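The structure appears below as structure tokens.
The values are calculated or read from the model by the stated rules, or taken from the named source; none is laboratory data. Just so we're clear, the structure is a prediction, and the values are computed from it rather than from any experiment. We place every Cβ from the backbone using ideal geometry, glycine too, and count neighbours over all the protein chains shown. The area values use the complete protein model at the heavy-atom level, side chains included, leaving out ligands, DNA and RNA. Shrake-Rupley method; radii C 1.70, N 1.55, O 1.52, S 1.80 Å.
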Amino acid sequence: MLDLVFLGPPGAGKGTQAKRFAERFRISHISTGDLLRKAVDCGSRLGREAKEYMDRGELAPDELVMALIEQQLEGRSAEKGAVFDGFPRTKAQAEALSELLKQHERSIDLVLFFKVDSEELTRRLSGRRVCGECGALYHIDSNPPQRGSRCDHCGGEVIQRDDDREEVVRSRLKVYDEQTAPLIDFYRSQSLLRPVDGEGTVDEIAARVVEAVSRQ
Ligand code: AP5
């Protein structure tokens, strides 16, 4: 059993690395951003409520996010462990996660904190594109789709996320500093925090992640 938290600002590469790590080690990848976007796409009540916050670059309410996480931990897909990507994002969520894991006789093994310079964050977010069908990630400079705006994997349309617009990005970065960055000290005080240099190629960072986890 391995339960990891990937922490860092918007655009730090948490999703890119979480997906890779989870596939390689066959554990579950739980991204609250992806779960919320799915809820928005299917038009559920939860999705309609979350959309208002996401469009403004603000955090969705803790209760709503915790309901999604509980569902994920009830299912069998996370029984070998999970990478929590972009979650928790507030102290209340961090405390609720520890409590929930305890109920399942689990606990967080490590929190990887991805450190990336703010100019690089803006470059990554403004150039990010995603497949609207399968969620594959691209970047217009460093990893563009090979067939124009069609996804290399499924042929779906590759689009820009609504919240990657400049004014929303500014708000997301501010919300991160105010509400999520305090978790760095929170987890450091529990000796769970491992900073990871989030700059370099995707392969280089993936190797640092594996090394940090194996040192644990
Ligand atoms: P979410 O989807 O979680 O967004 P985020 O945390 O802002 O993170 P991002 O997805 O923007 O970035 P990332 O670090 O995953 O980077 P990525 O790998 O994509 O959340 C969206 C919204 O949902 C929030 O604003 C909030 O409203 C809501 N929400 C989500 N979770 C919540 C919670 N727990 N509580 C409350 N509300 C919540 O990489 C970015 C780009 O860089 C890509 O184009 C990628 O290809 C590229 N890239 C990655 N690595 C590299 C590299 N090494 N070199 C060059 N380019 C790279």
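Worth pointing out:
- Just one of (1) farther than 19 Å from Gly81 by Cβ; (2) more than 12 Å from the ligand (Cβ to nearest atom) fails for Gly33. It is (2).
- Of all residue pairs spaced 6 or more apart or on separate chains, those with beta-carbon atoms under 8 Å, a first member in region 1-25 that is farther than 21 Å from Pro182 by Cβ and open to solvent by 50 Å² or more (accessible area, probe 1.4 Å) and a second member that is part of a loop (DSSP other than H, G, I, E, B) and not aliphatic (A, V, I, L, M) are Met1/Lys80; Met1/Arg106.
- Across region 162-180, the qualifying residues are those that are surrounded by 14 or more Cβ atoms within 10 Å (Cβ to Cβ) and without any contact (Cβ under 8 Å) to a residue 40 or more places away in the chain, and the one among them that is farthest from Pro10 (Cα to Cα) is Arg165.
- Some residue of region 145-163 being touching a strand residue (DSSP E or B) at 6+ places or on another chain (Cβ under 9 Å), within 12 Å of the ligand (Cβ to nearest atom) and of a type in the set (D, E, K, R): yes
- Scanning region 61-90 for residues that are open to solvent by 40 Å² or more (accessible area, probe 1.4 Å) and in a loop (DSSP other than H, G, I, E, B), we see that the one that is nearest to the ligand (Cβ to nearest atom) is Arg89.
- Selection of region 126-142 for residues being free of Cβ contacts under 8 Å to residues at least 24 places away in the same chain, open to solvent by 60 Å² or more (accessible area, probe 1.4 Å) and within 9 Å of the ligand (Cβ to nearest atom) yields Ile140, Asp141, Ser142.
- Residues considered: Glu95, Glu99, Glu58. Of these, the only one that is over 21 Å from Ala207 (Cβ atoms), at pLDDT 95 or above, open to solvent by 30 Å² or more (accessible area, probe 1.4 Å) and within 11 Å of the ligand (Cβ to nearest atom) is Glu58.
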